[in-house]
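The values are calculated or read from the model by the stated rules, or taken from the named source; none is laboratory data. None of these values were measured; they are calculated from a predicted model. Virtual Cβ from ideal backbone geometry, glycine too; neighbours counted across all protein chains shown. Keep in mind that these areas ignore ligands, DNA and RNA; they rest on the heavy atoms of the full protein, side chains included. Shrake-Rupley method; radii C 1.70, N 1.55, O 1.52, S 1.80 Å.
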Amino acid sequence: LAKTDLDKIKVVPNPYVAAATWESRNPYNSGRGPRSIHFNHLPQKCTIRIYTIDGELVAKIEHDSPVLNGSAEWNLLTKDNLAASYGVYIYHIDAPEVGEKIGKFAIIK
C-alpha cells in the first residue's frame, strides 16, 4: 500500500512561475525574496534529490516527519546556495523500504 502511495506525490506549483501570488511579500529592501516549491503526499521518511535535465545534482532534501502524508519545501536554492535557473528539473524520491518515485517539474518566467 505504501508503494502505491508514492504515485500520489505531487510537486506544486508545476510549473513554478517566477512571480507566484501565494508567496509572502518580500521582507527585504531588494532582491526577489523567498521562493518555494512544495513536494506533497510524501512518506514519513524519504530523500528528495533534484537534478537538471543533464543529470547534475541541484539540491538534496531529507524529509523525516511523524506525519504519514507529509510535505517538504524546496527554497529554489541550489546546493551551492545559488538561485535555481529557469528550466525543467527531474526529482527522485527514495523512501527506504518503500520504493522510489521519479518525476519532473518546471520553473518558468
Those residues that are within 17 Å of Glu62 (Cβ to Cβ) and not in a strand (DSSP E or B), I need them from segment 34-52; list them, please.
Ser36, Pro43, Gln44
Segment 83-100, subset within 18 Å of Glu56 (Cβ to Cβ) and assigned to a loop (DSSP other than H, G, I, E, B), residue nearest to the chain's Cα centre (by Cα):
Ala84
Pairs with Cβ under 7 Å, 6+ apart, first in segment 78-101 and on the phi > 0 side of the Ramachandran plot and open to solvent by less than 70 Å² (accessible area, probe 1.4 Å), second modelled with pLDDT under 90 and part of a loop (DSSP other than H, G, I, E, B):
none
The one condition Asp80 fails out of (1) within 19 Å of Ile108 (Cα to Cα); (2) part of a loop (DSSP other than H, G, I, E, B); (3) modelled with pLDDT of 90 or more is (1)
Starting from segment 54-65, take each residue that is farther than 18 Å from Ile37 by Cβ and list its partners that are assigned to a strand (DSSP E or B) and open to solvent by 100 Å² or more (accessible area, probe 1.4 Å), counting only C-beta distances under 6 angstrom and pairs at least six apart or across chains.
Asp64/Lys45
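If you go through segment 2-21, how many residues are part of a loop (DSSP other than H, G, I, E, B) and at pLDDT 60 or above?
If we filter segment 2-21 for residues that are part of a loop (DSSP other than H, G, I, E, B), which is where we start, we get 9, 13-15, 18-21.
So of that shortlist, the ones also at pLDDT 60 or above come out as 9, 13-15, 18-19, 21.
Total satisfying the criteria: 7.
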